[in-house]
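Novice: I am attaching a structure below and will ask some questions about it afterwards.
The values are calculated or read from the model by the stated rules, or taken from the named source; none is laboratory data. If you're wondering where the values come from, they're calculated on a predicted model, not measured in any experiment. For neighbour counting, all protein chains shown are included, and Cβ atoms are generated from backbone atoms with ideal geometry for every residue, glycine included. What goes into the accessible areas is simple: the full protein's heavy atoms, side chains included, and nothing from ligands, DNA or RNA. Shrake-Rupley method; radii C 1.70, N 1.55, O 1.52, S 1.80 Å.
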2 protein chains.
Amino acid sequence: MTDSTERLEDTGYRLTAPRRAVLDAIASINRPFTIEELSEGLPNIGRATVFRTVKLLQELDIVCRVPLEDGSVRYERSRSGRHHHHLICSVCGSVTEFSDPSLDAAIEQNATSASFELESHSAELYGRCDSCRTTS
Amino acid sequence: MTDSTERLEDTGYRLTAPRRAVLDAIASINRPFTIEELSEGLPNIGRATVFRTVKLLQELDIVCRVPLEDGSVRYERSRSGRHHHHLICSVCGSVTEFSDPSLDAAIEQNATSASFELESHSAELYGRCDSCRTTS
DNA sequence: GACCTACTTGACACTAAATATCAATAGAAT
DNA sequence: ATTCTATTGATATTTAGTGTCAAGTAGGTC
Ligand SMILES: [Zn+2]
Ligand SMILES: [Zn+2]
Ligand SMILES: [Zn+2]
Ligand SMILES: [Zn+2]
């Protein structure tokens, strides 16, 4: 959170009370959330401001967008703050980050083969996490 | 298209006039489309039916869902009708399919390492296609 | 061909997610 | 403290998609 406020200031954004409140709320949630859920926990903050702030935090790699298999979207505080991919459990909804240079290399290789200038990419893995797999 | 109608019948779905119309419309569009665009070209077909039909065609791997970088979604007739990934050009909007067993293997490897039971996955590549890259 | 029945359709209302507008507010720099 | 501009909040609007249900029709049976 302190780290996050610094990243906001460093990039020239104002450190406002609503932004602090959204950051605090995100820090206190320990599961993937929807903006609606986040907004419900912040009744004094305008809904549009919550949307705007989460969008801003995505650009700063503080929060990341997690697309679910059904097309809906959740958000999660990024653990690493760097490029990564997700393991998304369809049972408990947990999201785990991972990064793998060889996966990224395979992606880059495909772009190169197609003479495609790669700017970014996404990869999401859907299934059942370890604890949901062993519990069932 | 003939292939598509067969796939509909084989799976027990009725081959109705609206479904034919949607299939024909999709066959005649040669770029990624939104349901709204598709629906505009089919004024005699109810909007809900267009949505329902496209959803059905996705299940039959006749059409696939293409998530863009900005979070919006387009659809495209699948060339291969099999598992694949996309090269999505941010300039012209073109979508190219590719499949790569070694990419899929890298994804499976990551799931295995995390004791995650992989059910499905997605991978989308964003950037500039060959012709947009050389033209600029 | 006529009949039947379950599948499908279309119109409409509705929800969910997000953006646009714009006057009022408040960081933060001097 | 003053000023200037980024930001906020209330509200309206957009976009994408789903729920409902009476009416219509494909496709099998006689
Ligand atoms: Zn993430
Ligand atoms: Zn990657
Ligand atoms: Zn595809
Ligand atoms: Zn794959």
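Novice: Considering only region A:3-19, how many residues are more than 30 Å from A:Gly71 (Cα to Cα), open to solvent by 30 Å² or more (accessible area, probe 1.4 Å) and under 18 Å from the mean Cα position of the chain (by Cα)?
Specialist: Qualifying residue count, region A:3-19: 2.
Novice: Further, regarding this structure: Would you call B:Ile107 in contact with a Cys (Cβ under 9 Å, 6 or more places away or on another chain) and under 25 Å from A:Val95 (Cβ atoms)?
Specialist: No; evaluated as a whole, the condition is false for this residue.
Novice: Is it the case that some residue within region A:74-84 is more than 12 Å from the chain's Cα centre (by Cα) and not aromatic (Phe, Trp, Tyr)?
Specialist: no
Novice: So in region B:1-21, with the set limited to residues that are touching a residue at least 40 places away in the same chain (Cβ under 8 Å) and over 16 Å from B:Arg79 (Cβ atoms), which one is nearest to ligand 4 (Cβ to nearest atom)?
Specialist: B:Thr11
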